[in-house]
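Since the structure comes first, as structure tokens, the remarks are kept for the end.
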Amino acid sequence: MQPYAEMSNEELLAVRKQLSAQYKEFQGKDLKLDMSRGKPSVEQLDLSMGMMDVLSSQDDLTCEDGTDCRNYGVLAGIKEAKEIIGDMMEVAPANIIIYGNSSLNVMFDTISRSMTHGVMGSTPWCKLDKVKFICIVPGYDRHFAITEYFGIEMVNVPMLESGPDMDMIEKLVAEDEAIKGIWCVPKYSNPTGNSYSDETVRRFARLKPAAPDFRIYWDNAYGVHHLYDHDQDHLIEILAECKRAGNPDLVYKFSSTSKISFPGSGIAAIATSRNNLEDIEKQLQYQTIGHDKVNQLRHVRYFGDIHGMVEHMRLHADILRPKFESVISILDRELGGLGIGEWTRPKGGYFISFNTIDGCAKDVVAKCKKAGLVMTKAGATYPYGKDPHDSNIRIAPSYPPLGDLILAMELFALCVKIVTIDKIIKNRQENPAPVQHTEAAAEQ
């Protein structure tokens, strides 16, 4: 296919006329398609229904060490849950605290505690003139919402294929004591689906921040969320790497079973150094007497061990893989060679990142909505919802049934084409090409 940029305005307008007719057909279908969030589908939720049957009123709800899961206590979580989550997070059970259902809640608490009480004896952030956080972009909107809520200034660093721009990060944290943290989704990153390279992880572990209370917020949300059995991304374990680098306290590592069991009633965890854990537990003892141990036990008895969890995730992959492959296939077929968009090809996780030419993302999302397709809001993958290029769109294939997803992506590709043609023609009108003068004309 001929790139749009090489076509004349007349050719583009002829193409647009055909595309407009197709768009009107979509509008006539009265579609109600939703790809706004990366939620598991009904079929995925059904995979975990057996979890509802592993405990009954006749069961013994006592742990191996004698803990009665029905009662108060066990602040850091039951031993069995720490073991299976430890295997999932690739860390020792002794370095874990098990929380409730949401890792986002744990991250919010961690920021809140730092604001009011500081980090391991440092000055509480609320008493400082300025607090900054590095945000890798495009990134996870809910991370950015937490720091925005607390009035923390966010500093953008671009995401590359190998992970974030580490040259920028190393310089920023070494020179600015106001920078207290960085948000990371290191494996199958939200929204690009890229994973950090070995070198990137090692450079993170060897950071030399100016602020002694600087922490890496390592949200390994998609640690076991592969699409393929053999073609998988692998990540160096950050806590062990930090310990080797002489920076054992540098990282808070977060994870949960939200997209493994039930998003509304999974279990979440933080893994970090013993020094950090003791600091967290000082606050936690005032916040709760213990999280839901019955739910922790339910997860342990359902999955059994990490092998049971891995097998369970293969079933998730069987549902997700055709959806991701359909999205990529449609984008390749409809937009490949036109020079009007770029998209990632992740091997796991929940998202595909799409970049339009500059200045088109908001219009594409709006045009999709007018025809019945709700996408993630353009700009959501940047702090404050401000994408400086107005180009990034997060595609979330997981929730719609496959038939609806295919329809949605055909509509999406159509909207990208129409909006891009309008943008190219507008740019040409506003910035006309200079008139080329021939030598003969110059002599006259």
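The values are calculated or read from the model by the stated rules, or taken from the named source; none is laboratory data. Just so it is clear, the structure is predicted and the values come from calculations on it, not from any experiment. With ideal geometry, Cβ positions are generated from the backbone for all residues, glycine too; neighbour counts draw on all protein chains shown. Calculation scope for accessible area: heavy atoms of the full protein, side chains included, ligands and nucleic acids excluded. Shrake-Rupley method; radii C 1.70, N 1.55, O 1.52, S 1.80 Å.
Given a cut-off of 19 Å, name the pairs among 187/369; 29/367; 130/180 whose C-alpha atoms lie farther apart than that in the structure shown. Those over the limit are 187/369.
Relative to the longest principal axis of the Cα atoms of the chain, helix 166-175 runs at roughly 60 degrees. Computed over protein heavy atoms with a 1.4 Å probe, the carbon and sulfur contribution to the accessible area of the chain reaches 50%.
Solvent-accessible area per residue in the chain equals 46 Å², computed with a 1.4 angstrom probe and all protein chains kept.
Rg of the Cα atoms in segment 232-327, relative to 2.2 N^0.38 Å, amounts to 1.36.
Database remark: amide H of residue 157 closer than 5 angstrom to the amide H of 135, 136, 137 (H placed geometrically; neighbours at sequence offset of 5 or more, or on other chains; Pro and chain starts carry no H).
Each Lys and Arg contributes +1 and each Asp and Glu -1, all at the Cβ; summed about the Cα centre of segment 158-312, the dipole is approximately 520 debye.
Quick one: angle between helix 402-430 and the longest Cα principal axis of the chain, in degrees between 0 and 90, rounded to 10, please. Once rounded, one gets 50 degrees. Here residue 47 sits with roughly 40 square angstrom of accessible surface, probe radius 1.4 Å. Put a plus charge on the Cβ of each Lys and Arg, a minus charge on the Cβ of each Asp and Glu, and nothing anywhere else: the dipole of segment 49-139 about its Cα centre is then about 860 debye.
All other residues whose Cβ lies under 12 angstrom from that of residue 298 are scored, Lys and Arg at +1 and Asp and Glu at -1, for a net of -2.
Express the relative contact order of segment 181-220 as a whole percentage, based on alpha carbon pairs under 8 Å and six or more residues apart in sequence.
Normalised by residue count, the contact order of segment 181-220 is 64 percent.
Rank these residues by their accessible area, most exposed first, probe 1.4 Å: 180, 386, 82.
From most exposed to least exposed: 386, 82, 180.
Which percent, to the nearest 5, of DSSP beta bridges fully inside the chain are antiparallel? Looking only at bridges with both residues in the chain, the antiparallel portion is about 45 percent. Helix 306-335 and the longest principal axis of the Cα set of the chain meet at an angle near 10°. When the alpha carbon gyration tensor of segment 1-93 is reduced to an equivalent ellipsoid, the three semi-axes, largest first, read 58, 20, 10 Å. The phi torsions of segment 52-69, fed into the Karplus equation with coefficients 6.51, -1.76 and 1.60 and a -60° offset, translate into couplings of 6, 9, 7, 10, 9, 5, 8, 7, 7, 9, 9, 7, 4, 8, x, 5, 8, 5 Hz, rounded to whole numbers, with Gly and Pro shown as x.
For the chain, the relative contact order comes to 24 percent (Cα pairs under 8 Å, sequence separation of at least 6). Taking Cβ atoms as reference points and 14 Å as the exclusive limit, the residues near residue 400 contribute a net charge of 0, counting Lys and Arg as +1 and Asp and Glu as -1.
Considering only 260, 186, 118, the residue lying farthest towards the positive end of the dipole of the chain is 118, judged by Cα position with unit charges set on Cβ. Here the chain is treated with +1 on each Lys and Arg Cβ and -1 on each Asp and Glu Cβ, and its dipole about the Cα centre works out to around 900 debye.
Residues whose amide H falls under 5 Å from that of residue 181, counting only those 5 or more places apart or on a different chain, are 134, 215, with hydrogens built in the peptide plane.
Loop only per DSSP, at most 14 neighbouring Cβ atoms within 10 Å: give me the chymotrypsin sites (Phe, Trp or Tyr not before Pro) in segment 169-265, ordered by residue number. Sites meeting the loop and neighbour criteria: 228. Summing charges over all other residues whose Cβ lies under 15 Å from the Cβ of residue 194, with Lys and Arg as +1 and Asp and Glu as -1, gives -4. As an equivalent ellipsoid, the chain spans semi-axes of 44, 28, 17 angstrom, where each value is the square root of five times an eigenvalue of the C-alpha gyration tensor, largest first.
Projecting the Cα atoms of 322, 432, 5 onto the charge dipole of the chain, computed from C-beta unit charges around the Cα centre, puts 432 farthest toward the positive end. By a 1.4 Å probe calculation restricted to protein chains, residue 20 has an accessible surface near 30 Å², given to the nearest 10. In order along segment 245-256, the Karplus-derived 3J(HN,Hα) couplings, from 6.51 cos²θ - 1.76 cosθ + 1.60 at θ = phi - 60°, round to 7, x, 10, x, 9, 6, 10, 9, 10, 10, 6, 7 Hz, and Gly and Pro are given as x. Only beta bridges with both residues in segment 95-234 are counted; by DSSP, about 10 percent of them are antiparallel. For segment 342-426, the equivalent ellipsoid derived from the alpha-carbon gyration tensor has semi-axes of 20, 16, 12 Å in decreasing order. Accessible surface for residue 57 stands near 110 Å², nearest 10, in the context of the full protein assembly shown (1.4 Å probe). Look at the dipole of segment 80-175 built from charges on Cβ: of 89, 147, 162, the Cα furthest out on the positive end belongs to 147.
The phi-based Karplus calculation (6.51 cos²θ - 1.76 cosθ + 1.60; θ = phi - 60°) puts the 3J(HN,Hα) values of segment 204-212 at 4, 5, 9, 4, 10, x, 5, 8, x Hz, whole numbers, x for Gly and Pro. Please work out whether segment 135-228 counts as rounded, prolate or oblate from its C-alpha gyration tensor, where a ≥ b ≥ c are the square roots of the eigenvalues and a/c under 1.5 means rounded, while otherwise a/b larger than b/c means prolate and anything else oblate? It is oblate, given that a/c is not under 1.5 and a/b is not larger than b/c.
The relative contact order of segment 311-444, computed from alpha carbon pairs under 8 Å that lie at least 6 residues apart in sequence, is 27 percent.
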